[in-house]
Structure formats: C-alpha cells, structure tokens
Amino acid sequence: MSKNICIVAGARPNFIKVAPVIRAIRNAQKSGVDVEYQLVYTGRKDDPTLESSLFSDLDIQSPDVFLEVDCVNMNELTGMVMAQFERYLQDHPTDVVIVVDDLASTMAVAIVTKKQGVQLAHIAAGTRSFDITMPKEINRLVIDGLSDILFTAGISNNSIANKEGAELSKVYMVGNVLIDNIRFLQQRMQRPAVMDEMHLEEGKYMVLTLNRKAIVNNIDEMKSLITVIDSVARKAGIKVVAPLRGKALGFVLAFKAYQDVADHQSGIMVVQPQGYLEFSYLTAHAMGVITDSGNVAEEATFNGVPCVTLNSYTEHMETVTVGTNELVAEDPEKLQNAMEKILNGEWKKAGIPDRWDGRSAERIVQILAE
C-alpha cells in the first residue's frame, strides 16, 4: 500500500530545506519504494520571493498546492492556515505531514495535522533559544511537542528533544538537510555576474546578509552595526557585498548616500538579491560572512568560511563549537574584533559537525518509508 506524504513549506527558506527530501523521495520511487508526495506552500502563488529559478536551481517542482494565505498579523495567519490546511487534509488522503523549522504557519499546520489524526514529522527539531519571549520559541515548543517523529541536525538538538520528554524511538539525529543541498549543488554553483562587475576576486571580499526583525527594526542598532562594517571594510580596502531586501536595503542605501555626500566611498556594495546558485557561490568563495541567518551560518561552516553571526544564540551550537561560526550578538565592538580577526587571518580552525555529510534526506526518507 502506497504511503502518502505531504511536505509543507511556509516561506522561501523552507523550500531549501525540503528540496533534499523531495529529491530523496524521487530516488526512493525509482528504486521501487511505494511512496507518493505533494508539496504544499502556505503562501500565495504570486509570492515575489519565490522566483522560478529557485525551484529549477533546487531541482524540485513548484508547489502542487498553494493555500494562498498572506497576512501580517501572526495570530490571524495561524488561524487562516489552520482553516485552509484542514480543508487540504480532508480532500487529500495523507499518511504523514512533514514540516520544517519554526514559523507560525508551521505551527498551524502541526496543530491541524494532529487534530486530524495524521502522523507529524518535524525536520530541524530540538532547536531552542531558551527565550520564551520570542514567538518562534513558542512555535518550536508546540511543534516538537506535537510531532510523532523528530529529525534533529546534531547532538545538542537531540539532547534538547530527549530532555523535553520525547520518547527515544521518536528522535532521530539525521544531520543537517541544508548540507545535502550544498553537496548536490557544488558542481552547479554559478559565479554571479556582480563579481565580475565589481572586479571581486575569490577570497578577497566579505558578504553581508541582514533580515532579523530585532535588528532591522531598530534604527540605532542598524546604524552602529553598519557603521562598524563600513569603517572596517574601508580601512582594510575590501568590499562587503550586501544582497539585501526590505528595510535593511533601505537603511543601507540611505547610509551609503550619506557617505557619498561626506566624500567617503562606502565599503559596502549593495547588490540585487541573488539566485540560490549565485548566492551559494558568493558565500562559499568569500573571505568571511556577516549574517543574522542561521542557514547562512550553517552553510559557512560546511564551506569552512569564517562566519560572524549578529545574534546571541544559534539553533545549531555545532556551528560554533565545531564549525566556523562566532556569535557577536548586536555588539559593535565584538563585530569589529571579529572582522579584524578574519582580515588578519587569525580565525579559529574549524571542522564539519557529525552527520553533516549530505545524506540527511536519505536517512529521513528511509525512516519514513519504514
């Protein structure tokens, strides 16, 4: 009897994490495993963050179903996703629902899945900030608490999942699915045109990404961090390439305009958001990365690229204890010290965490098929 799997994505980064699972299911189908799947997106079909190249780059199809929920208020969004996903499960016989990460939409899907008596599997389980004032922390607790199967990326996540009462039989340390993508796409990465336009040499520039609301919504914090990044870059004579969106983009453009008036050529080079293959190349060949993204930090660890994370915690401590990552929170002085260590070649020696070997999705599909 065929097993029907529903894979749910709630935002662009989720597709990057579920893509290896989809490819692993396709491979399992070719080898005779009786399994079917559908990819569901909780958002809209015309979502501007979902460029068509994302799906071709990841070698997956665009979503089979769009729930068409688009709402700023998280409580309203949760209710709307619950209503739409309940209809989906009523119309589509499903044996297991796979969710990733910790979005409000992910929590909504998890609640409905359990209410409908369907098995729930959570990829990237056991991640915690231990800050209950963070909405995402509540989402994580709910999703993990409801999940029948918890797929963790590392020892620290495994430990958290087990301590919180999950039965050992439900927790599987499969490794980091993001790494599967890097391995899969290594030969397909594309040198971005912006590198030629800016005359950037491999290993002689840094990359900046900024998206975390706690930073981009705080003007004073943004000013102090961007000032440090720009100042250190100008002093060292290097460029910091910044593919930015939204408020972060607006702030940095305004900062650069002010610098131009003051006759200082900014060290930060704002570029268009890059396709997945181009962005992967850009970060893999940088001398260092400055980011507030856990995903970017995880990829930097695998690539052996020094990474400065503008956060006080990480969901995967392995990136710090084993990998190339260092946490500087929103502290300008720590940020400056970290950048200078990279520039002076004084960054710590690092390795790759256990099971970050590019086979995580295979393990996930094998466990689900059994």
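The values are calculated or read from the model by the stated rules, or taken from the named source; none is laboratory data. If you're wondering where the values come from, they're calculated on a predicted model, not measured in any experiment. Please note: Cβ atoms are built from the backbone with ideal geometry, for glycine as well, and neighbour counts cover all protein chains shown. For the accessible areas, the whole protein counts, side chains as well, though only heavy atoms, and no ligand, DNA or RNA atoms are used. Shrake-Rupley method; radii C 1.70, N 1.55, O 1.52, S 1.80 Å.
For the chain, what does the helix formula give at 222 nm: sum of -39500 (n - 2.57) over DSSP H segments with n ≥ 4, over the residue count, nearest 500 deg cm²/dmol? Calculated mean residue ellipticity at 222 nm is -14000 deg cm²/dmol. For the chain, the longest principal axis of the Cα atoms and the long axis of helix 332-343 meet at an angle of about 80 degrees.
Our note on the geometry: Cα centres of region 69-103 and region 207-251, 34 Å apart.
Extending 7 Å from Cα along the Cβ direction at Asn344 and again at Thr227 yields two label points whose distance is 2.3 nm. Estimated at 0.36 nm per residue, the fully extended path between Gln366 and Asn27 surpasses their Cα-Cα distance by 120.9 nm. Mind checking the log10 I(q)/I(0) for region 1-62 at q = 0.26 Å⁻¹? Debye, one equal scatterer per Cα, no solvent, two decimals. Per q value, in the given order, log10 I(q)/I(0) is -1.14. Set the Cα radius of gyration of the chain against 2.2 N^0.38 Å, with N its number of residues, and you get 1.00. Among the GluC sites (Glu not before Pro) in region 27-76, which ones are in a DSSP loop with at most 16 other Cβ atoms within 10 Å of the Cβ? Mind listing them? Here the GluC sites (Glu not before Pro) that fit, given the DSSP loop and packing criteria, are Glu51, Glu68. For region 52-99, the share of alpha carbon pairs falling in successive 10 Å distance bins from zero is 21, 39, 36, 4 percent.
For the chain, the dipole from Cβ point charges (+1 on Lys and Arg, -1 on Asp and Glu) about the Cα centre works out to 300 debye, to the nearest 20.
Length available on full extension from Met74 to Ile132: 0.36 nm per residue minus the Cα-Cα distance, which gives 19.2 nm. Computed with a 1.4 Å probe over protein heavy atoms only, the accessible surface of region 243-370 comes to 44 Å² per residue.
P(r) tail, region 147-239: Cα-Cα pairs separated by more than 22 Å, 62% of all pairs. Got a number for carbon plus sulfur as a percent of the chain's accessible area, 1.4 Å probe? Summing carbon and sulfur atoms, their accessible area is 50 percent of the total for the chain. Beyond 31 Å in Cα-Cα separation lie the following of the pairs Lys247/Lys349; Lys256/Lys349; Lys136/Lys235; Lys3/Lys45; Lys136/Lys256; Lys170/Lys341: Lys247/Lys349; Lys256/Lys349; Lys136/Lys235; Lys136/Lys256; Lys170/Lys341.
With all protein chains kept in place, the per residue accessible area of region 164-230 amounts to 51 square angstrom at a probe of 1.4 angstrom. The C-alpha atoms of the chain define a longest principal axis, and helix 294-303 lies at about 80 degrees to it. Projecting the alpha carbon convex hull of region 100-165 along each direction and taking the average yields 4.0 nm². Note on region 54-149: along the principal axes its Cα atoms extend 36, 34, 29 Å, ordered by decreasing extent.
Mean separation of Cα pairs under 8 Å and 6 or more residues apart, divided by the residue count, gives region 113-263 a relative contact order of 16 percent.
Exposed loop sites here mean trypsin sites (Lys or Arg not before Pro) with a DSSP loop assignment and at most 14 other beta-carbon atoms within 10 Å; the chain contains its longest site-free run at 205-347. For region 169-317, the convex hull drawn through the C-alpha positions has a volume of 128 cubic angstrom per residue.
Answer rounded, prolate or oblate for region 212-289, using the Cα gyration tensor with square roots of eigenvalues a ≥ b ≥ c: rounded when a/c is under 1.5, else prolate when a/b is larger than b/c, else oblate. Cα axes put region 212-289 in the oblate bin.
Plainly put, region 290-370 has a radius of gyration that is 1.09 times its Kirkwood radius, both from alpha-carbon atoms, as the Rg/Rh ratio.
More than 24 angstrom separation, counting every C-alpha pair in region 243-337; what % is that? Beyond 24 Å sits 27 percent of the P(r) for region 243-337. Can you tell me the 0 to 90 degree angle between the C-alpha axis of helix 360-369 and the longest principal axis of the chain, rounded to 10? The answer is roughly 10 degrees. Among Gly43, Leu58, Val33, pick out the residue whose Cα is farthest towards the positive end of the charge dipole of region 24-119, where Lys and Arg carry +1 and Asp and Glu carry -1 on C-beta, about the Cα centre. In region 24-119, that residue is Val33.
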